[in-house]
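Report on the structure given below.
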Amino acid sequence: MMNNKSTKSNSAPQQTETVTGFLTIRSSSKISLYLTFLTVIAILSPFLHIFYVFDDREGIFGFAYMSSFMYSLSLPLMAICSGLLLKFMSKRIPELRVFLKLIGNSFLFVGFFFMIYTFVPISDFSTSVYFTALAILSVLLTFAAHYLHKAIITTEQRLKKIISKLFDFIILETPRKHVSEEKQIDYVISYEKIINEIGEE
């Protein structure tokens, strides 16, 4: 009797830790790494030039200082990331879908326009050719960003679904259907450490 009680008391914390780790993985799978990356870039990009304010270096792409180049680059980056975030939100808010899509595409266009403006000096072309080329390239890049954004979101969702099903199979189905009762405890112990490590990351 004492052995049975001892076994139960020892296994309970392990099961609890495993379930906790599994639930942590489940909750973290709802977080989009792609959207988190876009948000971080959108928020931090306006501050990029600060790193060069006190110890400025010679600039590139026609800019006298690196601080000027980074400041010029930061605003297009923020616009592009914000545009992609708005496009994602447009699918989550049906009543504002068209409006948010329009604003998102506008942000993308403006971001790409000034991104090209930052890297390609106007001195290389006539004014009319330069700005016409900028507008055309910005439209093309906006379309390209739309399809790339869609592909990344779809791929990320599929990967999350695959990972979720794999964990369901490993944790829920395998012990019940494919592991004998005598080996179930050993099976749980063998995977619980990995699950908890993943959940803590």
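The values are calculated or read from the model by the stated rules, or taken from the named source; none is laboratory data. Since the structure is predicted, the reported quantities are computational estimates derived from the model, not experimental observations. Heads up, the Cβs are rebuilt from the backbone with ideal geometry, glycines too, and the neighbour counts pull from every protein chain shown. When the accessible area is computed, the model is the full protein with side chains, heavy atoms only, and any ligands, DNA or RNA have been set aside. Shrake-Rupley method; radii C 1.70, N 1.55, O 1.52, S 1.80 Å.
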- Scan of segment 35-50 for residues that are open to solvent by 30 Å² or more (accessible area, probe 1.4 Å) and either modelled with pLDDT of 90 or more or not aliphatic (A, V, I, L, M) (or both), ordered by number: T36, F37, T39, V40, I41, I43, L44, P46, F47, H49
- Filtered residues of segment 57-102 (kept if in contact with a Leu (Cβ under 7 Å, 6 or more places away or on another chain) and over 18 Å from M115 (Cβ atoms)): F88, M89, S90, I93, L100
- Query: Which condition breaks for D56 when tested against (1) at pLDDT below 85; (2) assigned to a helix (DSSP H, G or I)?
  - Reply: (2)
- Message: Just the residues that are polar (S, T, N, Q) and more than 15 Å from the chain's Cα centre (by Cα), please, taken from segment 37-54.
- Response: S45
- Tell me which of these S82 doesn't satisfy, since it passes every other one: (1) among the hydroxyl-bearing types (S, T, Y); (2) under 17 Å from the mean Cα position of the chain (by Cα); (3) modelled with pLDDT under 90; (4) open to solvent by less than 60 Å² (accessible area, probe 1.4 Å). (3)
- Message: Yes or no: segment 51-65 includes at least one residue that is touching a residue at least 12 places away in the same chain (Cβ under 8 Å), open to solvent by 70 Å² or more (accessible area, probe 1.4 Å) and in contact with an Asp or Glu (Cβ under 6 Å, 6 or more places away or on another chain).
- Response: yes
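Run down L100, L48 and say which single residue is more than 22 Å from T154 (Cα to Cα), assigned to a helix (DSSP H, G or I) and touching a residue at least 12 places away in the same chain (Cβ under 8 Å).
Values: L100 fails: more than 22 Å from T154 (Cα to Cα).
Sole residue among the options that is more than 22 Å from T154 (Cα to Cα), assigned to a helix (DSSP H, G or I) and touching a residue at least 12 places away in the same chain (Cβ under 8 Å): L48.
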